[in-house]
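Below: the structure, in structure tokens.
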Amino acid sequence: MSETILNDAHRLIKEAQISSGKIRVQKLAGDASLRRYYRVWSGEESFVLMLTEPFEPQRFDFLLVRNHLEQAGVPVPRLLNVDGQKGALLLEDLGDRTMLHRLGELEDPEAEERLFAQALELL
């Protein structure tokens, strides 16, 4: 893993005063954007580090949407630290389970409908 990524992760965690310990980083699957995602462990705690191009926090679409959803009561990852000049955000790690995983565990069509209804209600 790049030493720059380790240094950025360590600095963001230290600045947020949320954990201490040896830093470990694992690259996560990204989406179709320029963003890169990493799971960062500091001791036993894990966080998500999102890296992108430098941005102005007050005008960054990701933060605008995230904050709007939070204000509307939609569960979103906590924002732990931001460095717009470096294009870095430190977020709460919500884990790897997706709705698709949960749907794959269900055998009852009514349970699937309830899960979709909950998702739509949140949105």
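The values are calculated or read from the model by the stated rules, or taken from the named source; none is laboratory data. This one's a predicted model, so the numbers in the text were calculated from it and none came from an experiment. Here Cβ is always computed from backbone atoms with ideal geometry, including for glycine, and neighbour counts include all displayed protein chains. Remember, those area values only see protein heavy atoms, side chains included, never the ligands or the DNA or RNA. Shrake-Rupley method; radii C 1.70, N 1.55, O 1.52, S 1.80 Å.
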Study note, to complete from the structure: Here FRET efficiency (C-beta to C-beta, ARG114 to PHE62, R₀ 25 Å, nearest 0.05) is 0.25
Exercise for review: Would you mind computing, in nm to one decimal, how far apart the modelled labels at LEU123 and SER2 are, each placed 7 Å from Cα along Cα→Cβ?
Suggested key: 3.3 nm
Exercise for review: Pairs of Cα atoms under 8 Å, at least six residues apart: use those to get the relative contact order of the chain, whole percent.
Suggested key: 20 percent
Review point. So for the chain, taking the charge dipole from beta-carbon charges (+1 Lys/Arg, -1 Asp/Glu), which of GLY104, SER19, VAL74 sits furthest toward the positive end?
Key: SER19
Exercise for review: For the chain, state the average projected area of the convex hull of the C-alpha atoms over all orientations, rounded to one decimal in nm².
Suggested key: 8.9 nm²
Practice item. Place a +1 charge on the Cβ of each Lys and Arg in the stretch 1-77 and a -1 charge on the Cβ of each Asp and Glu, then give the dipole magnitude about the Cα centre in debye, rounded to the nearest 20. Key: 200 debye
Practice item. Just flag the GluC sites (Glu not before Pro) in the stretch 1-103 sitting in loop per DSSP whose Cβ has no more than 10 other Cβ atoms within 10 Å. Key: GLU44
Review point. Of all accessible surface on the stretch 9-69 at a 1.4 Å probe, what whole percent is carbon and sulfur?
Key: 52 percent
Review point. Quick one: how many Å² of ASP108 are accessible to a 1.4 Å probe, rounded to 10?
Key: 60 Å²
Point to revise | Spin-label pair ARG11/ASP96, simplified geometry with 7 Å Cα→Cβ offset, distance in nm | key: 3.0 nm
Check your understanding: With every protein chain left in place, what is the accessible area per residue of the chain in square angstrom, probe 1.4 Å?
Key -> 69 Å²
Check your understanding: DSSP loop trypsin sites (Lys or Arg not before Pro) in the stretch 2-47 with at most 10 other Cβ atoms within 10 Å of their Cβ, which ones?
Key -> LYS22
Review point. Pick from SER42, SER19, SER33: which is most flexible by mean-square fluctuation in a GNM of the chain where alpha carbon atoms under 10 Å apart are linked?
Key: SER33
Review point. Hey, what number do you get for the chain at 222 nm if only DSSP H runs of n ≥ 4 count, each worth -39500 (n - 2.57), divided across all residues, to the nearest 500?
Key: -11500 deg cm²/dmol
